Amino acid sequence: MGHEAILPDNRPMIRLIATDLDGTLLQPGGVLSDRTRAALDAVDADVVVVTARPPRFVQDLALTGTAICANGAMVYDLTNREVTHARTLPVDVVRKVSAALAEVIPDVGIAVETGLEVLSEPGFQGFGPKNPHRTLELLEHVFAEADQVVQMLAWAPDAEADHLMEIAREAVGQHVTVTHSGGLGLLEISPPGVSKALTLESLCKARGISKDEVIAFGDMPNDLSVLGWAGTAYAMGNAHPAVKRACVNHAPPNTEDGVAQVIERLFRL
């Protein structure tokens, strides 16, 4: 039987752990450590991954349960390896947002995440490691080939992500949700009203779990919605300054298995 956690001030028992991946649950290089895996396996609580990543990045972590992907636009069943929910951006909105960003961000490159792959124009160079993608000759070809868009990506060379996010929100915030997860000059753009928190809230409601029974971990601005919603929230020791300011509780950094350390303490492992 797993271990249950009761928080010290007599708040409700933790029934769900919501955690970001990169910079939070995973070690550098995308590694899930033995210590963290053991901690997750030992607890008597649902574990939900809440990430900007699409399903193809989470399906090989050997986790079970549910992953909220693409910053809330997709829900993925890790056990059965299937997408159970997806919110998409209409192509006309993608076109409109791309044009608006081009007017306010010099040399911006655009890519779209379909849920299966990334399609980009040549000017988009914001790819991380192990990110399968296809670069097409023209942005118009990207629009034509994308059978669906669950997330847009915008990249500007040498741009500071926080400043870029402010510019983009001013220009297109009425049409889409704009955030970032720390990549240099890289923005993540979701359907309007989509966030990690809203999708997690819907999932919890379906399971009869209140927000006070949720503990959340994160490190970047795209985690702020979840950290603000959950009854208990931890910013990682390596977190973005805005995330640290938003959270009373701070976990050790991901390089020290910070999520596992907190879980071990709260669940008395």
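Quick notes
- Of the listed requirements (1) outside any loop (DSSP other than H, G, I, E, B); (2) in contact with a helix residue (DSSP H, G or I) (Cβ under 8 Å, 6 or more places away or on another chain), residue 92 misses just one: (2).
- In region 110-176, counting only strands (runs of 3 or more DSSP E) that sit wholly within it, the ones holding 1 or more residues that are farther than 14 Å from residue 189 by Cα and open to solvent by 40 Å² or more (accessible area, probe 1.4 Å) span 133-135.
- Counting residues in region 59-77 that are over 28 Å from residue 235 (Cα atoms) and in contact with a Pro (Cβ under 7 Å, 6 or more places away or on another chain) gives zero.
- Which listed residue is among the β-branched types (Val, Ile, Thr), more than 24 Å from residue 200 (Cβ to Cβ) and within 22 Å of the chain's Cα centre (by Cα), from 97, 104: 97
- Residues that are touching a residue at least 40 places away in the same chain (Cβ under 8 Å) and either assigned to a loop (DSSP other than H, G, I, E, B) or out of contact with any strand residue (DSSP E or B) (no Cβ under 7 Å at 6 or more places or on another chain) (or both) within region 62-75 comprise just one, 73.
- Scanning region 184-204 for residues being part of a strand (DSSP E or B) and not acidic (Asp, Glu) gives a total of 4.
- Residue count for region 67-94 under the criterion of being surrounded by 14 or more Cβ atoms within 10 Å (Cβ to Cβ) and either in contact with a Cys (Cβ under 7 Å, 6 or more places away or on another chain) or within 24 Å of residue 155 (Cβ to Cβ) (or both): the result is 15.
- Cβ-Cβ contacts under 7 Å between residues 6 or more apart (or on different chains), taken from a first residue in region 135-154 that is free of Cβ contacts under 8 Å to residues at least 40 places away in the same chain to a second residue that is assigned to a helix (DSSP H, G or I) and open to solvent by 80 Å² or more (accessible area, probe 1.4 Å), are listed as 136/145.
- Subset of region 177-218 that is of a type in the set (Asp, Glu) and closer than 17 Å to residue 69 by Cβ - its residue that is most open to solvent (accessible area, probe 1.4 Å): 201
- Annotation note: Cβ proximity below 6 Å between a residue of region 239-257 that is open to solvent by less than 30 Å² (accessible area, probe 1.4 Å) and a residue that is part of a helix (DSSP H, G or I) and among the hydroxyl-bearing types (Ser, Thr, Tyr) (sequence gap 6+ or interchain) occurs for 254/24; 257/36.
- Residue in region 205-220 that is in a strand (DSSP E or B) and without any contact (Cβ under 8 Å) to a residue 40 or more places away in the chain present: no
- Residue count for region 35-61 satisfying the condition of being surrounded by fewer than 23 Cβ atoms within 10 Å (Cβ to Cβ) and part of a strand (DSSP E or B): 3.
The values are calculated or read from the model by the stated rules, or taken from the named source; none is laboratory data. Just so we're clear, the structure is a prediction, and the values are computed from it rather than from any experiment. So basically every Cβ, Gly included, is an ideal-geometry build from the backbone, and we count neighbours across all protein chains shown. Protein only, heavy atoms only, side chains kept; ligands, DNA and RNA dropped before computing areas. Shrake-Rupley method; radii C 1.70, N 1.55, O 1.52, S 1.80 Å.
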